[in-house]
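The values are calculated or read from the model by the stated rules, or taken from the named source; none is laboratory data. Computed from a predicted model, the values in this text were never measured in an experiment. No Cβ is skipped: glycine too gets one built from the backbone with ideal geometry, and neighbour counts run over all protein chains shown. Please note that ligands, DNA and RNA were not included when accessible areas were found on the heavy atoms of the full protein model with its side chains. Shrake-Rupley method; radii C 1.70, N 1.55, O 1.52, S 1.80 Å.
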Amino acid sequence: LCMYLDLVSHLPDNAFLTERIGQIYARRKDWKKAVFYIKKTLALEPDYPRIHFTLGHLYREMAEEGNNSYWEKALKHLDQAVLRDNTVECHMERGDAYYNKGDYASACEDFRWILAREPENQEAMLSMAYACLCMKAYETAVQWFEKCLNFFADSDLYPGICARTGQCYERMGDLQ
């Protein structure tokens, strides 16, 4: 950080340096400084690679720490990231942001997009299952949870997935 700060004092218009400083502050969870430097990068070079993804991720982190006013900013930048890059990673980040904001239907759109391209993407599969559970779409949630059981059999997540699958069956009235 000291090296980058020293360099940026000599090269204040260098987007690479401001982005690196922002990333370091983000790792330290110093959100205010991280956002400042990432926004500076965006101002210096609007087409800087993944800058909207990074800014969306920062705002999402801030929102998850309890400041709900950052959800819209996170989603605005994640929408831009999806438009620019349209990658699984961008869709996953935006889907997670929608999920954590409580917009499960929008989250499912991103998870479906991912699963159409990567049918065995375990993170998207599990996220889809939980989003369906939150929407009380128990039959669909069961389908996704049961797919997950095959992938997570040797994982610490397995007991929780079994419990959630059982919870769905219980809510559907299938007590067997």
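With respect to the conditions (1) under 27 Å from ASN121 (Cα atoms); (2) open to solvent by less than 50 Å² (accessible area, probe 1.4 Å), ALA34 falls short on a single one, namely (1). Taking the condition within 24 Å of ALA15 (Cα to Cα), open to solvent by less than 70 Å² (accessible area, probe 1.4 Å), at pLDDT 95 or above and out of contact with any Cys (no Cβ under 9 Å at 6 or more places or on another chain), does ASP79 pass? Considered against the rule, which asks whether it is within 24 Å of ALA15 (Cα to Cα), open to solvent by less than 70 Å² (accessible area, probe 1.4 Å), at pLDDT 95 or above and out of contact with any Cys (no Cβ under 9 Å at 6 or more places or on another chain), ASP79 comes out as yes. On inspection, THR165 qualifies as in a helix (DSSP H, G or I) and open to solvent by less than 20 Å² (accessible area, probe 1.4 Å). When the residues of the stretch 41-51 are filtered to those that are over 17 Å from ALA97 (Cβ atoms) and open to solvent by 70 Å² or more (accessible area, probe 1.4 Å), the one that is modelled with the lowest pLDDT is PRO49. Looking only at residues of the stretch 1-29 that are over 23 Å from CYS90 (Cα atoms) and not hydrophobic (A, V, I, L, M, F, W, C), we find that the one that is surrounded by the most Cβ atoms within 10 Å (Cβ to Cβ) is TYR4.
Residues in the stretch 52-76 that are over 21 Å from ALA15 (Cβ atoms), in a helix (DSSP H, G or I), open to solvent by less than 70 Å² (accessible area, probe 1.4 Å) and not hydrophobic (A, V, I, L, M, F, W, C): ARG60, GLU61, TYR70.
Of all residue pairs spaced 6 or more apart or on separate chains, those with beta-carbon atoms under 6 Å, a first member in the stretch 109-125 that is more than 17 Å from ALA97 (Cβ to Cβ) and a second member that is assigned to a helix (DSSP H, G or I) and at pLDDT below 95 are GLN122/PHE151; MET125/LYS147; MET125/CYS148.
Filtered by the rule that a residue be in a loop (DSSP other than H, G, I, E, B), of a type in the set (Lys, Arg) and without any contact (Cβ under 8 Å) to a residue 12 or more places away in the chain, the stretch 1-51 gives a lone residue, ARG28.
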